[in-house]
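Quick notes on the structure that follows.
The values are calculated or read from the model by the stated rules, or taken from the named source; none is laboratory data. Being a predicted model, the structure only gives us computed values, none of them experimental. No Cβ is skipped: glycine too gets one built from the backbone with ideal geometry, and neighbour counts run over all protein chains shown.
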Amino acid sequence: MNAQSSMAHNARTMQTKRVKWKDINWIIAESYVNRLQVRIVKAVQKDKWRLVKRLQKLITNSFYAKAITVKRVITNKGKHTPGIDKVVWETDEDKSKAIEKLDTSKYHAQPLRRVYIEKYGKKKNVRLEFQRCRTGLCRG
């Protein structure tokens with residue numbers, strides 16, 4: 001079994017069982033998602049639009065892609081800022097549940113919450129999204 005097929009198999013098995021946040025191999029996850037992104041780019045360059053659509057669906061529903069998007073939300077500058085749902089993913093269990101709940105088929109856009117922050121004597125308008133929406137996978 002070559003490396004690519006073993007990574008695909010590993011991604012499929014991780015989707016079926018509950019995975020702990022610390023058990024995710026981030027090097028494999030990044031390479032798996034990167035490989036899919038490269039395949040999408042090559043398919044676009046060759047004008048193979050059905051393949052592009054299929055690969056986009058594959059990457060959107062991929063466990064590793066969902067894990068990476070949750071990781072990006074919790075490691076960015078606004079990681080302590082809750083969304084409109086007032087949820088912050090702090091514990092490993094919260095992060096694992098967030099990965100499981102990312103489902104594009106049941107997603108509907110949620111409204112933004114406007115928060116006004118006093119800055120330099122002026123009110124600054126800040127719009128907050130649902131924590132789930134911040135992952136970017138939900139956007140279509």
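Numerical summary
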quantity	calculated
Options LYS77, LYS71, LYS22: the member that is surrounded by 14 or more Cβ atoms within 10 Å (Cβ to Cβ) and either within 17 Å of the chain's Cα centre (by Cα) or over 27 Å from SER96 (Cα atoms) (or both)	LYS71
Residues within the range 38-61 that are of a type in the set (Val, Ile, Thr) and within 19 Å of ASP103 (Cβ to Cβ), tallied	2
Residue check, ALA65 crowded, with 18+ Cβ neighbours inside 10 Å, modelled with pLDDT under 85 and closer than 19 Å to VAL19 by Cα	no
